[in-house]
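Worksheet for the structure shown next.
The values are calculated or read from the model by the stated rules, or taken from the named source; none is laboratory data. Since the model is a prediction, treat every value here as computed from it, not as a measurement. When we count neighbours, we look across all protein chains shown, and the Cβ atoms used for this are built from the backbone with ideal geometry, even at glycine. Accessible surface areas use protein heavy atoms only, side chains included; no ligands, DNA or RNA. Shrake-Rupley method; radii C 1.70, N 1.55, O 1.52, S 1.80 Å.
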Amino acid sequence: MADELSIRNLHVQVEGKEILKGLDLIVRHGEVHAIMGPNGSGKSTLANTLAGHPKYVVTDGEILYKGESVLAWKPDERARRGIFLAFQYPMAIPGVTVANFLRTALNARRKAVGSNGAAKAVSIPEFRKLMLQRMEMLKLDPTFAARYLNDGFSGGEKKRVEILQMAVLNPEMAILDETDSGLDIDALRIVSEGVNALRGPQLGVLLITHYQRILNYIKPDFVHVLVNGKFAISGGPELALQLEEKGYDWLKEISPEEMGTGK
Amino acid sequence: MAEFDKSSFDIGASGSLYKEKYGFYDPEKYVFKAKKGLNREIVEEISWMKNEPEWMRKFRMRALEIFFKKPLPQWGGNLNDIDFDDIYYFLRATDKAERSWEEVPKDIKNTFDRLGIPEAEKKFLAGVGAQYESEVVYHNIQESLRKQGVIFLSMDQGLAEHPDLVKKYFGTIIPAADNKFAALNSAVWSGGSFIYVPPGIHVDMPLQAYFRINAKNMGQFERTLIIADEGSYVHYVEGCTAPIYTSDSLHSAVVEIIVQKGARVRYTTIQNWSTNVYNLVTKRALAQEDATMEWVDCNLGSKLTMKYPSIYMMGKGAHGEILSVAFAGKGQHQDAGGKVVHGAPYTTSTVSSKSISKDGGRTSYRGLLKVYPGAEGVKSNVRCDALLLDEASRSDTYPYIEVDEDNVTIGHEASVSKIGEEQLFYLMSRGLTEAEASTMIVSGFIEPIVKELPMEFAVEMNRLIQLQMEGSVG
Ligand SMILES: Nc1ncnc2c1ncn2[C@@H]1O[C@H](COP(=O)(O)OP(=O)(O)OP(=O)(O)O)[C@@H](O)[C@H]1O
Ligand SMILES: [Mg+2]
């Protein structure tokens, strides 16, 4: 079965310091995996590593996507092949409109998909229709299309626009890094509904969060807890509830033999 | 300040696509060809060939003396390698300026075709003044403009047909003695545009002129004079592209603009000289009471550009705006900026400059903000932002501020930034290649100014930026 993300014994260094210390995880299409864990435990490091950030150096282990190693692929190649990262802290790109950026990105993605005989470059009217429909879904005011990407956006607006990008680019493996932080209660529901609308047999989701709240909307199939660069425990949705109640301290005492991995 | 390194400059730097599109030239087929070098005889001959009035001949001769006397500027960029004896000072491609497109000679037409001029005209041009070599060969003013009393001619024609109007204003805003290159232009000028807009007339569509240099080692010295009478409006657009040559070329233009009471003039330039051209241009506007002058200036290409469009606000309530973009690649130096001079109360100005340096290119912002005593209530805001694309590139800021009045509001901000790794990663994580991502960041950086350009030019500008960025990454 090759339609999956497979992480094996992943060790990652940032600026010479080991952050991830041997992770194993398999995410299949159709599944939602939640990753929780204390601040600084390495969640964003995992997300950035999967997306191919040049600062995050894989020193050991392997990341396979549909059976192929992604390690030699640059971030843009990973993206064109369907890996998407919704950033914890999205960057502002002044002077580049959301619409212009999205259309360029969509065309890059389509060209890659198109080499397998599927869609070609998107026409402007077709793109507008798609974008406006997705904006509507996320209750984003259409004026955002003409605004400069993340430039002066509020924290919540940035997160919404990350999911807008996901909704337009239609990835096959989405990593959502704390998309829920910064969202107000209504926005959380709207964004969650957006993600749910995109869920399906063609999409795998890695959802990084600190809070049970978003998991009420986006029901995970698995929950993994990352502590100090390793998965301390894995389980079903009930694990998140347990964490909400007990915090992370009890996990730090779990022996290595009891550590679970994603299946 | 003059240690500009030109040892490694590469005329092919703008990429093969550019060469394919612009690196062509027509056989040098000229009716008249002056000899290289500059002396009294050449200037006499230019004036005689053009059948000019005596006052213009004298103006030229006086200017030539000034040119010889003035030393070469030793600030800004390195001008010491210009060989003034190795330049043609006057060439003309056809005997006389033409009125209609049909009459334009075929090889000249081919050149313009490849630059897309007829296309542009079809779309929205009110008139086209296309400069081929030293002389304007094609001018076409639509009937509506003529009915409004708007004059849009080549400078040579303007002088012939409206000698009094020309005499009244020519050389009054930029006297020959202003600087060495203004003197040079005054002595040997040829071509350029002459525009007069009568009181209250709004010219709805931009007037355009295209310039190019197309003879080895030739200088191009066009001269433009625009007079916007009271309450009128005109937008003049000049676009320049140049074919690629191996030896140094000199472009030294003078542009004088008079904006009368309550009038508004916008002057937009996109120039992309080949990377061996010295581009030394003097542009100045006089803004009277409640008048508005706007310079939108985009500088790409050239070996060295020294250009500081200025606005003298001499009437109460006048407003000036200077928006500029400069892009310096390998072996290039863009020394650009602007001058805003507040000579009357309640005058306001905005200067916004964006510069990009890559592959060791160098940009400098050089600006003057001057407020004369008694010019109370002046407001001025100057902002210059530089973007460096690599460690080898360089950017400097030389802001000169002279304020002799207390009751003024003045802001000055400058920033230098680099393309951030995180921005690149963000865009690449959406599928853009590194080159596409950098180009997008650069386009975004200059967008606030590009959006001020007419649509066609904005598209062209973004395309030029793309060409400049090609091959710069990796
Ligand atoms: N680019 C970087 N440069 C230096 N250190 C880094 C970098 N990225 C991550 N780190 C370090 O790696 C460790 C893990 O950080 P990471 O961002 O992965 O944590 P996290 O689990 O996402 O935390 P949070 O819940 O606060 O978002 C931290 O100690 C952090 O300081
Ligand atoms: Mg994080």
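When the residues of region B:38-79 are filtered to those that are within 22 Å of the chain's Cα centre (by Cα) and of a type in the set (S, T, N, Q), the one that is nearest to residue B:395 (Cα to Cα) is B:78. Anything in region B:365-379 that is open to solvent by less than 10 Å² (accessible area, probe 1.4 Å) and in a strand (DSSP E or B)? List them, or say none. B:367, B:369, B:371, B:378 - these are the residues of region B:365-379 that are open to solvent by less than 10 Å² (accessible area, probe 1.4 Å) and in a strand (DSSP E or B). Residues in region A:34-55 that are more than 16 Å from ligand 2 (Cβ to nearest atom) and either hydrophobic (A, V, I, L, M, F, W, C) or open to solvent by less than 50 Å² (accessible area, probe 1.4 Å) (or both): A:52 alone. Of the residues making up region B:397-415, one or more are within 14 Å of chain A (Cβ to nearest Cβ) and in a strand (DSSP E or B). Counting only residues that are open to solvent by 10 Å² or more (accessible area, probe 1.4 Å) and part of a strand (DSSP E or B), which one in region B:338-352 is nearest to residue B:469 (Cα to Cα)? Out of the qualifying residues, it is B:352.
Here's the yes/no breakdown for (1) within 18 Å of residue B:323 (Cβ to Cβ); (2) not small (Gly, Ala, Ser):
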{"residue": "B:418", "(1), (2)": "no, yes"}
{"residue": "B:437", "(1), (2)": "no, no"}
{"residue": "B:443", "(1), (2)": "yes, no"}
{"residue": "B:458", "(1), (2)": "yes, no"}
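Of everything in region A:37-85, what is within 13 Å of the chain's Cα centre (by Cα) and within 13 Å of ligand 1 (Cβ to nearest atom)? Give them in sequence order. Across region A:37-85, the qualifying residues are A:43, A:44, A:45, A:46, A:47, A:48, A:49, A:50, A:51, A:85.
In region A:178-250, counting only strands (runs of 3 or more DSSP E) that sit wholly within it, the ones holding 1 or more residues that are more than 15 Å from ligand 1 (Cβ to nearest atom) and open to solvent by 30 Å² or more (accessible area, probe 1.4 Å) span A:222-227, A:230-235. The residue pairs whose first member lies in region A:198-224 and is farther than 20 Å from residue A:44 by Cβ, whose second member is among the aliphatic types (A, V, I, L, M) and within 16 Å of ligand 1 (Cβ to nearest atom), and whose beta carbons are closer than 9 Å, counting only pairs six or more residues apart or on different chains, are A:221/A:34.
Might you check whether a residue that is open to solvent by 40 Å² or more (accessible area, probe 1.4 Å), away from chain A (no Cβ under 11 Å) and of a type in the set (Val, Ile, Thr) occurs anywhere in region B:418-440? Within region B:418-440 (the criterion being open to solvent by 40 Å² or more (accessible area, probe 1.4 Å), away from chain A (no Cβ under 11 Å) and of a type in the set (Val, Ile, Thr)), the answer is no, since none of the residues qualifies. Assess whether residue B:413 counts as being open to solvent by 50 Å² or more (accessible area, probe 1.4 Å) and touching a Gly at 6+ places or on another chain (Cβ under 7 Å). When the stated conditions are applied, residue B:413 does not pass them. Would it be correct to say that residue A:94 is within 14 Å of chain B (Cβ to nearest Cβ) and within 22 Å of the chain's Cα centre (by Cα)? For residue A:94, the condition - within 14 Å of chain B (Cβ to nearest Cβ) and within 22 Å of the chain's Cα centre (by Cα) - is not met. Of everything listed in (1) within 14 Å of ligand 1 (Cβ to nearest atom); (2) open to solvent by 30 Å² or more (accessible area, probe 1.4 Å); (3) among the β-branched types (Val, Ile, Thr), the single unmet condition for residue A:124 is (1).
Checking every residue in region A:16-33 against the condition of being within 14 Å of another protein chain (Cβ to nearest Cβ), within 14 Å of ligand 1 (Cβ to nearest atom) and of a type outside the set (Asp, Glu) gives zero matches. Of the residues A:58, A:70, the single one that is more than 16 Å from ligand 2 (Cβ to nearest atom), in contact with a helix residue (DSSP H, G or I) (Cβ under 7 Å, 6 or more places away or on another chain) and either within 14 Å of another protein chain (Cβ to nearest Cβ) or at pLDDT below 95 (or both) is A:70. Among the residues here, residue A:175 qualifies as within 14 Å of chain B (Cβ to nearest Cβ), in contact with a helix residue (DSSP H, G or I) (Cβ under 6 Å, 6 or more places away or on another chain) and either β-branched (Val, Ile, Thr) or within 16 Å of ligand 1 (Cβ to nearest atom) (or both). Residues in region A:160-171: is at least one away from chain B (no Cβ under 14 Å) and farther than 24 Å from residue A:66 by Cβ? Yes, region A:160-171 contains a residue that is away from chain B (no Cβ under 14 Å) and farther than 24 Å from residue A:66 by Cβ. Out of everything in region B:380-396 that is of a type outside the set (A, V, I, L, M, F, W, C) and not in a strand (DSSP E or B), what residue ends up being nearest to the chain's Cα centre (by Cα)? It comes out as B:393. Counting only strands (runs of 3 or more DSSP E) that sit wholly inside region A:1-58, those with at least 3 residues that are in contact with a Pro (Cβ under 7 Å, 6 or more places away or on another chain) are A:32-36. So which residues in region A:144-159 are open to solvent by less than 40 Å² (accessible area, probe 1.4 Å) and more than 10 Å from chain B (Cβ to nearest Cβ), if there are any at all? Those that are open to solvent by less than 40 Å² (accessible area, probe 1.4 Å) and more than 10 Å from chain B (Cβ to nearest Cβ): A:144, A:145, A:153, A:156, A:159. As for region A:74-90, it holds no residue that is within 13 Å of ligand 2 (Cβ to nearest atom), farther than 30 Å from residue A:143 by Cα and surrounded by 20 or more Cβ atoms within 10 Å (Cβ to Cβ).
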